[in-house]
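*Asks:* Would you mind keeping the following structure in view while I ask a few things?
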Amino acid sequence: MSVPFTVTSTSAVISGLAPTTTYAFYVIARDAAGNLSTQSNSVNGTTTASSGGETPPTSCGTENFESIPAASSSYTTNTWTNNGITWTAVDSRTDQTINGKAITIENGTLSSSTISGGISSLTIKTQLKFSGTNGSFKLFINGIEKGTIPYSDTVTTTTISNINVSGNVTISIQNNSTTSNRVAFDDLSWTCYNGLGTDETTVNKFSIYP
């Protein structure tokens, strides 16, 4: 299957490739009138192993919610900073616990400020508080949905793997239910992801003539 990339300059960076995989690249040029050239010869490029090779990705950060505002049963927007990351919990209360303090969200979101180091996987604990039915929240990284986080009245630990977003990221956990369930979150952690690592692959240059 061919995946097209449109390039308007003499160079391009292509992201989202799998590690240790060989890809074939070719060029079709377009002139100012919109005429297309024939396809160039292909050149192969092989990506390197992801960061750490066969070693599991390293931990990038944790949030244990011990720095949330003082315990309150009122639903509001709570903001706090821990380990250099600012967290915002919309439609949330701060008086519930799982493993120590936890943030409890009704029809809102839990979002981070910008985090460096990329993200490979994310783990979090959930528990439905008070009454309600089982459901789930959605995980978004940089605004793109990456998985679901289920909850029930028992403490559930969920790990979402193969997120694989490099560079700066934002984490956002959003209610995936039309009901007004009250769900507590605790022990959030994530691992790093550096894409191709330090030895990124460069394929041969193309020369394009009129």
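*Asks:* Ordering Val27, Val169, Val90 by accessible area with a probe of 1.4 Å, largest first, what comes out?
*Replies:* My answer, sorted largest first, is Val90, Val27, Val169.
*Asks:* While we're on this one: How large is the accessible surface of Asp187 in square angstrom, using a 1.4 angstrom probe and rounding to the nearest 10?
*Replies:* Asp187 exposes around 40 Å² with every protein chain in place.
*Asks:* Would you mind working out the magnitude of the charge dipole of region 100-199 relative to its Cα centre, with +1 at each Lys and Arg C-beta and -1 at each Asp and Glu C-beta, to the nearest 20 Debye?
*Replies:* Roughly 180 debye for region 100-199.
*Asks:* Determine the per residue accessible area of region 140-181 with all protein chains present and a 1.4 angstrom probe, expressed in square angstrom.
*Replies:* Averaged over the residues of region 140-181, the accessible area is 51 Å².
*Asks:* Thr62 to Ala33: extension gain in nm, 0.36 nm per residue of separation minus the Cα-Cα distance?
*Replies:* Here the answer is 5.1 nm.
*Asks:* Give me the compactness ratio for region 40-165, meaning the Cα radius of gyration over 2.2 N^0.38 Å.
*Replies:* Dividing the Cα radius of gyration by 2.2 N^0.38 Å gives 1.29.
*Asks:* Over region 103-163, with every protein chain in place, what whole percent of the accessible area is carbon and sulfur at 1.4 Å, could you tell me?
*Replies:* Within region 103-163, the accessible surface is 45 percent carbon and sulfur.
The values are calculated or read from the model by the stated rules, or taken from the named source; none is laboratory data. As the structure is a computational prediction, the values presented were derived from the model and not from experiment. Heads up, the Cβs are rebuilt from the backbone with ideal geometry, glycines too, and the neighbour counts pull from every protein chain shown. Accessible surface areas use protein heavy atoms only, side chains included; no ligands, DNA or RNA. Shrake-Rupley method; radii C 1.70, N 1.55, O 1.52, S 1.80 Å.
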